[in-house]
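These notes concern the structure reproduced below.
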Amino acid sequence: MTLRTVDALTDVAGLRVGHATRAGGGWLTGTTVVLAPEGGAVAAVDVRGGGPGTKETDALDPRNVVQKVEAIVLTGGSAYGLDAASGVMAWLEERGRGVRVGADPAHVVPVVPAACVFDLGRGGDFRARPDAAVGREAVEAAAASEPGAPVRQGCVGAGTGAVAGLLKGGVGTASTLLDSGITVGALVVANAVGSVADPETGVLYGELFGGRVDYPRASVHEAARRRLAEVAAGTSAPPLNTTLAVVATDAALSKAQAQKLAGTAHDGIARAVRPVHQLNDGDTVFALATGARPLDGGGPLALNEILAAGADLVTRAIVRAVRAAEPVDGPGGIWPTYGELYGSRREGWPD
């Protein structure tokens, strides 16, 4: 498999990503919007966490009437933050984008599936959470971006207040171009209850599946373990977290096939986070298919390549989210970053 231009979800032609970030003054949260091409993309979802916070996911069931959606919303703020989807709906309605419900082209109902992560109070103010205005800001940022634009990673958008185990989490993304010419991309918000790093070695679980693995020096790892023990001792908040993902392709998939893609993509979370899909997680994966490229009669074999790539990309996107995270030391908590503990490969790893 070969990487595409920016190695991000936006390598799937027609998809755009926008972030709205709120940090400081009691805030540590935000919203991320994945905007589909006008006319929408086939969409599906698979929810495996025991405590999800979602909106409009029933509409994505292959048995139900809605075939395409114009946008997906990932947001902080727990269930309160789902308000952000209202701002995206309003923006889409103003442009006549959505499910037609009458003869007048302006009579549309935009179906905007959304999922949230728990980050309440992490900036210090429990009531500081995304609303419709934040959602509108994120979709406007997506619409204003250039086609195929790089996607900012780390503590932005829905990943602003994300925490992965005892480490700072965030947003990560990746993509690949299959030999068939089909593009697959993923974007994640890494905010997991489980750990993303092996406590015995310090290596990121997700990097165990990426080929050559470099293990941190023993002295660096021991110092990191002491620091994480201090963080754990000072943490009293309940482990209310969630990992969210959007996996997308330019292949022509049915809703049932897209749902299979969303389901197998959860394997990518399971490779990078341990334990996963706990009762206090809300792990949710959306799938989007723009339909620009046919499967070319490849049948199950062609689909299997897409399914395998989706899972691999989710794993890699989680690793990127954790590596791109920035330190946060505020009234809502102290979460070191992986880079802060282990340094760059030159500093923390053997040559």
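The values are calculated or read from the model by the stated rules, or taken from the named source; none is laboratory data. Just so it is clear, the structure is predicted and the values come from calculations on it, not from any experiment. Glycine also receives a Cβ, built like all others from the backbone with ideal geometry; neighbour counts cover every protein chain displayed. The protein model used for the area step is the full one, side chains on, heavy atoms only, and it has no ligands, DNA or RNA in it. Shrake-Rupley method; radii C 1.70, N 1.55, O 1.52, S 1.80 Å.
Set the Förster distance to 45 Å, then compute FRET efficiency between Ala256 and Ala233 from the Cβ-Cβ distance, nearest 0.05. Don't skip to the answer; put the middle values down first.
Numbers: r = 48 Å, r/R0 = 1.07.
Efficiency for this residue pair is about 0.40.
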*How about segment 63-135: which trypsin sites (Lys or Arg not before Pro) there lie in a loop by DSSP and see at most 12 other Cβ atoms within 10 Å?*
Arg63, Arg127
*FRET efficiency for Ala103 and Glu326, Cβ-Cβ distance as r, R0 = 41 Å, nearest 0.05?*
0.20
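Decide, for segment 1-85, between rounded, prolate and oblate: order the square roots of the alpha carbon gyration tensor eigenvalues as a ≥ b ≥ c, take rounded if a/c falls under 1.5, and otherwise choose prolate if a/b is larger than b/c, else oblate. Working shown, then result.
On the way: a/c = 1.86, a/b = 1.13, b/c = 1.65.
Here segment 1-85 falls in the oblate category.
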*Kindly state, to the nearest 0.05, the FRET efficiency for Ala133 paired with Glu93, given R0 = 22 Å and r defined as their beta-carbon distance.*
0.90
*Glu200 versus Arg225: modelled label distance in nm, points set 7 Å from Cα along the beta carbon direction*: 1.2
*How do Asp296, Asp250 rank by accessible surface area computed with a 1.4 Å probe, from largest to smallest?*
Asp296, Asp250
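Treating only the Cβ of Lys, Arg, Asp and Glu as charged (+1, +1, -1, -1), what charge dipole size does the chain show about its Cα centre? Round to the nearest 20 debye. Working shown, then result.
Values: 31 positive and 37 negative charges, 48 e Å.
Roughly 240 debye for the chain.
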*asked:* With every protein chain left in place and a probe of 1.4 Å, what is the accessible surface of Thr160, to the nearest 10 Å²?
replied: 0
*How would you classify the chain from its alpha-carbon gyration tensor, with a ≥ b ≥ c the square roots of the eigenvalues: rounded for a/c under 1.5, else prolate if a/b is greater than b/c, otherwise oblate?*
oblate
*Grab the DSSP H runs of the chain that are 4 residues or longer, score each as -39,500 (n - 2.57), total them, divide by all residues and round the 222 nm result to the nearest 500 deg cm²/dmol.*
-8500 deg cm²/dmol
*Please sort by residue number the chymotrypsin sites (Phe, Trp or Tyr not before Pro) in segment 59-136 whose DSSP state is loop and whose Cβ has at most 14 other Cβ atoms within 10 Å.*
Phe126
*What is the set of long-range amide H partners of Lys168 at a cut-off below 5 Å, with H atoms built 1.01 Å from backbone N?*
Thr337, Tyr338
*³J(HN,Hα) computed for each position of segment 163-177 - Karplus, 6.51 cos²θ - 1.76 cosθ + 1.60, integer Hz, glycine/proline x*: 10, 10, x, 9, 9, 5, x, x, 9, x, 8, 6, 8, 8, 10
*First check a/c for segment 64-106, with a ≥ b ≥ c the square roots of the eigenvalues of its C-alpha gyration tensor; if it is under 1.5, answer rounded, and if not, answer prolate when a/b is larger than b/c or oblate otherwise.*
prolate
*Within the chain, which complete DSSP H helices have Cα atoms spanning at least 20 Å along the helix axis and a mean Kyte-Doolittle hydropathy of -0.5 or higher?*
218-233, 255-272, 299-324
*Karplus 3J(HN,Hα) series, Hz, for segment 333-343 with 6.51 cos²θ - 1.76 cosθ + 1.60 (x for Gly, Pro)*: x, 10, 10, x, 9, 4, x, 5, 7, 10, x
